[in-house]
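The values are calculated or read from the model by the stated rules, or taken from the named source; none is laboratory data. Predicted model, so just to flag it, every value in this text is computed and none were measured. As a convention, Cβ positions derive from the backbone with ideal geometry for all residues, glycine included, and neighbour counts pool all protein chains shown. Each accessible area value is taken on the protein alone, full model and side chains, heavy atoms only, with ligands, DNA and RNA left out. Shrake-Rupley method; radii C 1.70, N 1.55, O 1.52, S 1.80 Å.
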Amino acid sequence: MLVKTKAIVISSLKYQEKSLIVTCFTLSDGLKSYFVRDAFSSKKNNQKIAYFQPLTLLEIESIHKNKGTLEHFKEIKIATPFQTIPTNLAKSTMVLFLSEILHHAIHEEEKNEGLFTFLETALQWLDNHDEIANFHLILMIETTKFLGFYPDLSNVEMKHFEMIEGVFSPLHAISSLSEHETNLFRKLLNLRFENEQKTFNVIERQILLKILIDYYSFHLDGFKRPKSIDVLKEVFS
């Protein structure tokens, strides 16, 4: 079936010498993987390596056979050219980290228009703003709304957040956050991208990042700690 859709590049893996296997989160069909033959050949002007950098926003035309095999692009173009993400170290590091998070978090080969629109809008916001220290934290917690494990806020004033059930509780269990951690987490839940980015200091952001990685690990089978997390911490320390 011929499909024209927007897509977000989640990952790309070099195959043999000249080809790529590119995984995209598409607006039309959710997660899809594509084989790009001779991606490193200058003769293929319509399939440039720059198209397949982490979280690039694309418009693609493809034949989707939907047989569980790799699909193939017919046409590719940049949907929204980023102006600052490729050249800003903090932003490019954050995007690399978030692409790893999404790679391990999104598994469904089905349409999720809400998640796609959220990610597209968030990346455009990142490209157009300079104060971004909390961007990755906000994106990670907001993404859980679309993945099905956003915290239950019914008792949000309680002292402890219990990670496995995703609820606030007056009791402290093995999988609960401390009161201090819960207070930080509660503050994060109220943040939006446009809020003051100095809400947390460096140490608090590192605490929240660990909480979010652990929270994803509790709720997503096979979720792995991103390799780029150490680079992220170094850049934002």
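Couple of notes before you dig in:
- Split the accessible area of the stretch 121-184 by element, probe 1.4 Å, and carbon with sulfur accounts for 53%.
- Charging the Cβ of each Asp and Glu at -1 and of each Lys and Arg at +1, and nothing else, the dipole of the stretch 80-218 about its Cα centre rounds to 320 debye.
- Once the 1.4 Å probe is applied to the protein heavy atoms, the stretch 146-237 comes out at 57 Å² accessible per residue.
- For the pair ASN183 and THR117 in one chain, pulling the backbone fully straight at 0.36 nm per residue adds 20.8 nm over the alpha carbon distance.
- Span from the the stretch 79-107 Cα centroid across to the the stretch 199-226 one, whole angstrom: 17
- For the peptides 17-26, 209-218, the ranking by mean Cβ contacts within 10 Å, running from highest to lowest, is 17-26, 209-218.
- A crude spin-label estimate for the pair LYS145 and THR87, with each label 7 Å from Cα along the Cβ direction, gives 3.3 nm.
- Using alpha-carbon coordinates, inclination of helix 135-147 to the longest axis of the chain, degrees: 80
- Mean separation of Cα contacts under 8 Å, 6 or more apart, over the residue count of the chain: relative contact order %: 17
- In this simple spin-label approximation, LYS159 and PHE218 carry label points 7 Å from Cα along the Cα→Cβ vector, and these lie 1.8 nm apart.
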